[in-house]
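The values are calculated or read from the model by the stated rules, or taken from the named source; none is laboratory data. All values derive from a computational prediction rather than experimental measurement. Cβ coordinates were reconstructed from backbone atoms using ideal geometry, including for glycine residues, and neighbour counts include every protein chain displayed.
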């Protein structure tokens, strides 16, 4: 009985089709007819696996080969995902630049254009290079992206969100800048400046005795 029905996802405009057609899979899981009422119940499975946040309207169209066409509106929504990774950059000093690099590839056998930028609210002490270019194909070493950190103070929290985008992919990274790790000096490297020139004990004792000798008095005659 399933072969009596045709079905498809219909998109609102070519832009929605180009953006999401490869992210949606539709299949007919079951088809049952009620023996008393004759009503046919179709069960569909829709898998939506987008690569980036989006919102798009579509419709499920079902047609019976003996006549009849039904459309059911669908709203496809994907929200912001969790960050793909956390990048921590340790400072090397105030107004000095430290950097961390990582590599990305496209998700196909072909290079893909990309843009890289920090989202609003990110600290101005972070920069990314290059801000645009091509991601090398999957299976290669990938394209190198470098994130730099140049702090002007240590008293505040340094944090940013990096967004790397292609036409159909989306990566987000949490970037944290931390102050350099303080290493206390070794006790062996500290030389105490103490004078070792002390008076000999015997000499100090004789001086003390002299100070404490009774003063002689003249005898009365």
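Per-structure values
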{"read-out": "Among the residues listed as 86, 39, 62, the single one being exposed (fewer than 14 other Cβ atoms within 10 Å of the Cβ), free of Cβ contacts under 8 Å to residues at least 60 places away in the same chain and in contact with a strand residue (DSSP E or B) (Cβ under 8 Å, 6 or more places away or on another chain)", "value": "39"}
{"read-out": "So residue 78, is it modelled with pLDDT under 95, closer than 30 Å to residue 42 by Cα and surrounded by 15 or more Cβ atoms within 10 Å (Cβ to Cβ)", "value": "yes"}
{"read-out": "Residue under evaluation residue 45, criteria (1) in the same structural domain as residue 10 (by TED's automatic domain parsing); (2) part of a strand (DSSP E or B); (3) out of contact with any helix residue (DSSP H, G or I) (no Cβ under 8 Å at 6 or more places or on another chain); (4) in contact (Cβ under 8 Å) with a residue 24 or more places away in the chain, criterion not met", "value": "(4)"}
{"read-out": "Criterion: exposed (fewer than 10 other Cβ atoms within 10 Å of the Cβ), in the same structural domain as residue 144 (by TED's automatic domain parsing), at pLDDT 90 or above and within 27 Å of the chain's Cα centre (by Cα) - qualifying residue of 117, 109, 103", "value": "109"}
{"read-out": "Failed condition for residue 132, given (1) surrounded by 13 or more Cβ atoms within 10 Å (Cβ to Cβ); (2) more than 20 Å from residue 50 (Cβ to Cβ); (3) more than 17 Å from the chain's Cα centre (by Cα)", "value": "(1)"}
{"read-out": "Condition check for residue 21: outside the structural domain of residue 163 (by TED's automatic domain parsing) and out of contact with any strand residue (DSSP E or B) (no Cβ under 6 Å at 6 or more places or on another chain)", "value": "yes"}
{"read-out": "Close pairs (7 angstrom Cβ cut-off, 6 or more residues apart or separate chains): in contact (Cβ under 8 Å) with a residue 12 or more places away in the chain and outside the structural domain of residue 136 (by TED's automatic domain parsing) in segment 153-169, surrounded by 12 or more Cβ atoms within 10 Å (Cβ to Cβ) and in a strand (DSSP E or B) anywhere", "value": "none"}
